[in-house]
1. In the Gaussian network model of the chain, springs joining C-alpha atoms below 10 Å, which of D188, D23, D143 carries the largest mean-square fluctuation?
2. Cross-link candidates for K153: which aspartates and glutamates have Cα within less than 20 Å, leaving aside residues fewer than 8 places away along the same chain?
3. Helix 52-66 sits at what angle to the longest principal axis of the chain, using alpha carbons and giving 0 to 90 degrees rounded to 10?
4. Among R116, R25, R156, which one shows the highest mean-square fluctuation when the chain is modelled as a Gaussian network with alpha-carbon springs under 10 Å?
5. Under the definition of Cα pairs under 8 Å and six or more residues apart, what whole-number percent is the relative contact order of the range 34-218?
6. Fewest Cβ neighbours within 10 Å first, please rank T171, T152 accordingly.
7. Taking every DSSP beta bridge that has both residues in the chain, what percent is antiparallel when rounded to the nearest 5?
8. Given charges of +1 on the Cβ of Lys and Arg and -1 on the Cβ of Asp and Glu, with all other atoms neutral, how large is the dipole of the range 93-220 about its Cα centre, in debye to the nearest 20?
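Rule-based calculations on the coordinates, nothing more; no lab input. Bear in mind that the values here come from a model prediction, so they are computed numbers and not experimental data. Cβ coordinates were reconstructed from backbone atoms using ideal geometry, including for glycine residues, and neighbour counts include every protein chain displayed.
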Amino acid sequence: MKALLSALLLLVSSLAAADPAFDGRYEQTLQAIPTDNPAKIEVVELFWYGCPHCYDLEPAMAAWVKKLPKDVEFKRIPGLPNPSWAPMAKAFYTLEALGLSEKLHSALFDAIHKQRTLKPMDEAGTIDWITKQSGLDRKKVEDAYNSFSVNTKLTRAAQIFRASGATGVPTIVVEGKYLTSVKIATKDNDSLTAAQAHEQFFAVVDYLIEQFRKEKAAKH
């Protein structure tokens, strides 16, 4: 336990001191969140389909993800700070369960924010939308939406959101230990355009990834 604490304190110290330009642009998670693959640097986006900020960030996020190196594993987890966000969290995991994530992830964002044909808290409407867009039988979609597997993942998503200490979305968690958001990454600088704010946000995430890359390299 003492060795683990010493290692964590050393990491905190090295991250904080490595580059003053990034000081205060990220925070420690409330609790350390276990990652799935020790061989990779895990980057998690906490998001909600109903969030306009997540929608605005999505094109830049998708472009950034495409350029990630092989030692980085990116995943999305729906933010679940309260039960009202559950319908869209279930939608995310339903798309995943049915193999529709790549096809319908962006389209679901558009349906809510662009076409405005779907309300993020409308469960029946969400099931209907997925059915129509996928061409699948409605019962198959409904069964997936209400499945034990999806509900188990919702419980885990809520646990991760609480453990992260995030106060909103979109939030990025790196290696289960540090988080940042556009708001945190650009604090005290309200003059930035949206594109500039997104650029600074990804610079902070890239910085955190590089620090964990150096940490992993030092262990081998």
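1. Checking each option, the largest mean-square fluctuation is seen for D188.
2. Leaving aside aspartates and glutamates fewer than 8 places away in the same chain, those within reach of K153 are D36, E42, E45, E73, E96, E102, D122, E123, E142, D143, E175.
3. The angle comes out near 70 degrees.
4. Checking each option, the largest mean-square fluctuation is seen for R116.
5. 28 percent
6. Listing T171, T152 from fewest to most nearby Cβ atoms yields T152, T171.
7. Bridges in the chain that DSSP calls antiparallel: roughly 60 percent.
8. Numbers: 18 positive and 16 negative charges, 55 e Å.
It comes to approximately 260 debye.
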